[in-house]
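J.: For reference, the structure I am asking about is given below.
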Amino acid sequence: MDISSKGTLLRDLHTAPEILRVVNVWDAITARVIVDLPETKALATASHSIAATLGYEDGENIPLDLHLDMIGRIVEAAGDVPVSADLEAGYGDAGETVRKAIAKGVVGANLEDQVKSLDESVAAVAAAVKAAEAEGVPFALNARTDVFLKAGDRPAEDVLSDAIARGRAYLDAGAACFFVPGKLDEATVQALVGELGAQRISVIGVPGALTAQRFEELGAARISYGPWTQRVALTAYQDLATSLYGDGVIPESTRPLN
């Protein structure tokens, strides 16, 4: 499948009535393990997890070239499965970063606003969209706002109003989807979908969140899991190590996944 076909597929998956479930990966082997599952329709990278794998703190501390190198390895491991990359806030030049990601085979991306001014955030979204158009690749930009994550003591109604305004602006600038990470309740999701439309918002699955099925019923387009997939894997790894320090036996249920 060529990159244009992958891009079209990924965009179509975002607009389908069925919620797009993307399990976040962070290297080639995690990509291969997830691609092997028949349920997998697309992959998403997690910037936090890639940075941690290579010894960096989250927040664009990992050099962009190193980050993109791992993303390229994930794309190669994914084969015909489209990959959406977490590009953080665009490393100071959202358009150029998206262009470089497309050169690695990426057909979608998260781009976070870090609650910068609306004008600056919209400009970054527009630059990313323009770069993808210039490359001739159908691209699923998942424009992210951090207003819920950084709400602090702001009144809930102000935070929701800010999110809706940003979502409308990002979608108008060409984003395929509006990513609203945070532990959202049903009323918040209903308000976002009511204002922005069905299959236009993207959510994150965190401990205690609504189920993917419920998000689908409420009209969300996509659910991903950010760094939580790596945290679950590392929890299991540490628990295994604790067991090995005890009986020293690998569980018989272990599968040869690589």
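Readers should treat all values here as calculations from the given coordinates under stated rules, not as data from a laboratory. Worth saying up front: this structure is predicted, and the values here are computed from it rather than measured. Reconstructed Cβ throughout: ideal geometry from the backbone, glycine too, with neighbour counts over all protein chains shown.
J.: Could you work out how far apart the two model spin labels at Leu118 and Leu240 are, taking each label as a point 7 Å from the Cα in the direction of the beta carbon, and quote it in nm?
T.: 4.9
J.: Mind ranking 135-146, 190-201, 205-216, 88-99 by how tightly packed they are, going by the mean number of other C-beta atoms within 10 angstrom, highest first?
T.: 135-146, 88-99, 190-201, 205-216
J.: Could you size up the charge dipole of the chain around its Cα centre, putting +1 on the beta carbon of Lys and Arg and -1 on that of Asp and Glu, and report it in debye to the nearest 20?
T.: 360
J.: Along the positive direction of the dipole of segment 3-227 (beta-carbon charges: Lys, Arg +1; Asp, Glu -1; about the Cα centre), which of Ser121, Leu184, Val83 reaches farthest?
T.: Selected residue: Val83.
J.: Compare Leu184, Leu87, Leu240 in a GNM of the chain, Cα atoms joined below 10 Å, and give the one with the largest fluctuation.
T.: Among Leu184, Leu87, Leu240, the largest mean-square fluctuation in the Gaussian network model of the chain belongs to Leu240.
J.: Given charges of +1 on the Cβ of Lys and Arg and -1 on the Cβ of Asp and Glu, with all other atoms neutral, how large is the dipole of segment 91-152 about its Cα centre, in debye to the nearest 20?
T.: Values: 7 positive and 9 negative charges, 37 e Å.
That gives segment 91-152 a dipole magnitude of about 180 debye.
J.: Then there is this: How many nm separate the modelled label positions at Leu66 and Asp158, each set 7 Å beyond the Cα in the direction of the Cβ?
T.: Placing both labels 7 Å along Cα→Cβ, they lie 3.9 nm apart.
J.: Remind me, relative contact order of the chain in percent, using alpha carbon pairs under 8 angstrom and six or more residues apart?
T.: About 21 percent, as a whole number.
J.: In addition: Using Kirkwood radius over Cα pairs in Å as the read-out, say which of [x] 19.6; [y] 18.7; [z] 20.2 was calculated from these coordinates.
T.: Calculated Kirkwood radius over Cα pairs in Å: the matching label is [y].
J.: Extending each Cα 7 Å along its Cβ direction at Glu252 and Ala134, get the distance between those two points in nm, one decimal.
T.: Rounded to a tenth, the inter-label distance reads 6.1 nm.
J.: Hey, can you rank 61-67, 147-153, 36-42 by average C-beta count inside 10 Å, highest first?
T.: Per-residue mean Cβ counts within 10 Å order the peptides as 61-67, 147-153, 36-42.
J.: Just to check I understand the Karplus step: with θ = phi - 60° and J = 6.51 cos²θ - 1.76 cosθ + 1.60, what whole-Hz values come out for segment 108-118, glycine and proline as x?
T.: With coefficients 6.51, -1.76 and 1.60, one gets x, 7, 8, 9, 8, 8, 6, 6, 6, 4, 4 Hz.
J.: Once every DSSP H run of n ≥ 4 in the chain is given -39500 (n - 2.57) and the sum is divided by its residues, what mean residue ellipticity at 222 nm do you get, rounded to the nearest 500 deg cm²/dmol?
T.: -15000 deg cm²/dmol
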